[in-house]
1. Suppose every K and R has +1 on its Cβ and every D and E has -1 on its Cβ; what is the size of the dipole of segment 234-349 about the Cα centre, in Debye to the nearest 20?
2. Could you give the length gained on full extension between L138 and A123, defined as 0.36 nm per residue of separation minus the Cα-Cα distance, in nm?
3. Enumerate the amide H contacts of V175 below 5 Å, restricted to partners 5 or more residues apart or on another chain; note that Pro and chain-start residues carry no placed amide H.
4. Taking θ as phi - 60°, what are the ³J(HN,Hα) couplings along segment 171-184 by the Karplus curve (6.51, -1.76, 1.60), each to the nearest whole Hz, with x for Gly and Pro?
5. Using only the Cα atoms of segment 167-207, construct the convex hull and provide its projected area averaged over every direction, in square nanometres to one decimal.
6. Could you tell me which of rounded, prolate or oblate describes segment 303-342, using a ≥ b ≥ c as the square roots of the eigenvalues of the alpha-carbon gyration tensor, with rounded for a/c under 1.5 and, failing that, prolate when a/b is larger than b/c and oblate otherwise?
7. At a 1.4 Å probe radius, which order do E142, E228, E122 fall into by accessible area, largest first?
8. Taking H as built 1.01 Å from N, whose amide H comes closer than 5 Å to the amide H of A150, not counting residues under 5 places away?
Amino acid sequence: MFRSSIRSLRNISLLVRAGRIMTRYDALFPPEFEEDVPGFVKVGRTLASIRLPWEPKGREPKGDASGDIVQRLSTALETLGPSYIKLGQFLATRSDIIGPELAGDLAALRDRLPPFGKQAAEAIIESELGAPVSSLYLEFSEPIAAASIAQVHKAKIAIADETTCADHTITTRDVAVKVLRPGVEERFARDLDSFFWVAELAEKLNPAARRLRPMQVVQTLADSVALEMDLRLEAAAMSEMAENVAHDADFRVPEIDWLRTSRRVMTLEWVDGIPAGDRDALVAAGHDMKALGTRVIQTFLTHALRDGFFHADMHQGNLFIGEGGTLIAVDFGIMGRLDQRSRRFLAEILFGFVRRDYRRVAEVHFEAGYVPADKSVDNFAQALRSIGEPIFGKTAKDVSMGRLLAQLFLVTDQFEMATRPELILLQKTMVVVEGVARDFDPEHNIWESAEPVLAAWIAEKFGPEGRIQEAADGAVALGRVLSHLPDFLERAEKAARAISDNIDEDGFRLHPQTVRDLALAEKASRRWSRIALWVGALSLLVVAIARIG
């Protein structure tokens, strides 16, 4: 009880500070809505602007309260620090909470923060890698980019085991070195606990909030941040995606230097390309901007559907354009995964909207369990039509897949559709990727780009070969289950024998016929095991014949 009270007081203190900073920037109670702000709120806003006696002068908010609500909110979140920046980015995925307009604006929030010193970075590197920086890197620069969790330095390393040429020159390569911020783990742990505290309170005090699953949402954020806190996991994500895209001509992943990578330090290939956000430079270099817009949409959908593994933070700052228009992605700290079932539902939902088949989209939602089974499929299809039809009366540049999904989640409120945590990162990334595509080509038709990828994936998975493969996978899985029957029945027989041997006079005994049945079942299980192996073998044979044909 005492520990719980201390936690509550600590989190209240943190949230009061956050509220004061938000108020100072007019991000909590925007002046745009001054007429609607109650009097007591105005008094609170005035009190929040007063600096407390123990607050140092250096803690004055950066910037001013000018600009629109999104600019002020972004500045306030930046002042609050890394955890709140991530929270703002995450809220961009929850249009059902903050509204589609603000969600769309927050999707562009970037976590740019002042860098920490070069000496501090070198100390972390030496502690993590167990060697002086001078022995690990031939050159090591001042920080060139800084975000909420880590910052990046440019360095130079010797390659091929420092093999020297005839003139004794060393072959070198430029690399990027990513270093975690000092104390960032403790800062996130403290702020995330306050987020969990608020989520718990919301679920207890407001039953309607439970549908939004605030605890699961915060947990998803916490899981994502935990992955970002271990750079070895980011390096592993890069390695996995590099394998997935090894044969893709239009997308590339930088190579990892595993010898100079640890939990708080990661070294990777330096990317020579034009930043995706520098449109003028891309045009000057002769890149086809329409093709780039198509490429970024199709690449994202291919990764999500084909691989079930996608870069979940693919904004302009994390993309470079190489020779021939190749997309080169960096910063793999946030990744999304979709299982085969979720991929199928995603493809069918989006493809159904493309074809205006609202009945099928509704059926997919029920098959996926996204909408409770006691609701009406026809009524849900009608609600979907109210979302989809207005899209086809607009120009392509005004049609957004991300906004469509956001509106979809809003409409399903009346159908008691619960939050799907596994789709949060997908929705967020879709909004961001759309923004990148439209920066490349303002007239880009998102749906025309998406349709070939969706159609190809559905044809592959639901065509004849896909059906055969699905049947084969099911048969092999059945074979695995049946192959375990002998072990299961053996354990059952031993359990029955133990019961029979260790009962007292007030207990019970198995009937002799039951014992004989168990023996027959054990014998039959051997036959089923053999059948299972034949089923698996025949299934694989069918698949092989289908592919040859």
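1. Details: 12 positive and 18 negative charges, 88 e Å.
It works out to roughly 420 debye.
2. Values: separation 15, 0.36 × 15 = 5.40 nm, distance 1.64 nm.
Here the answer is 3.8 nm.
3. Answer set, sorted by chain and number: A155, K156, I157, W270.
4. Those phi angles translate into 6, 10, 8, 6, 9, 9, 10, 9, 10, 5, 5, x, x, 5 Hz.
5. 5.2 nm²
6. Cα axes put segment 303-342 in the oblate bin.
7. E142, E122, E228
8. Counting only residues 5 or more places away or on other chains, the set is R181.
The values are calculated or read from the model by the stated rules, or taken from the named source; none is laboratory data. It should be emphasised that the depicted structure is a prediction, and the values quoted were computed from it without experimental measurement. Positions of Cβ are generated from backbone atoms using ideal geometry, with glycine treated the same way; all protein chains shown enter the neighbour counts. For accessibility, only protein heavy atoms count, side chains too; no ligands or nucleic acids. Shrake-Rupley method; radii C 1.70, N 1.55, O 1.52, S 1.80 Å.
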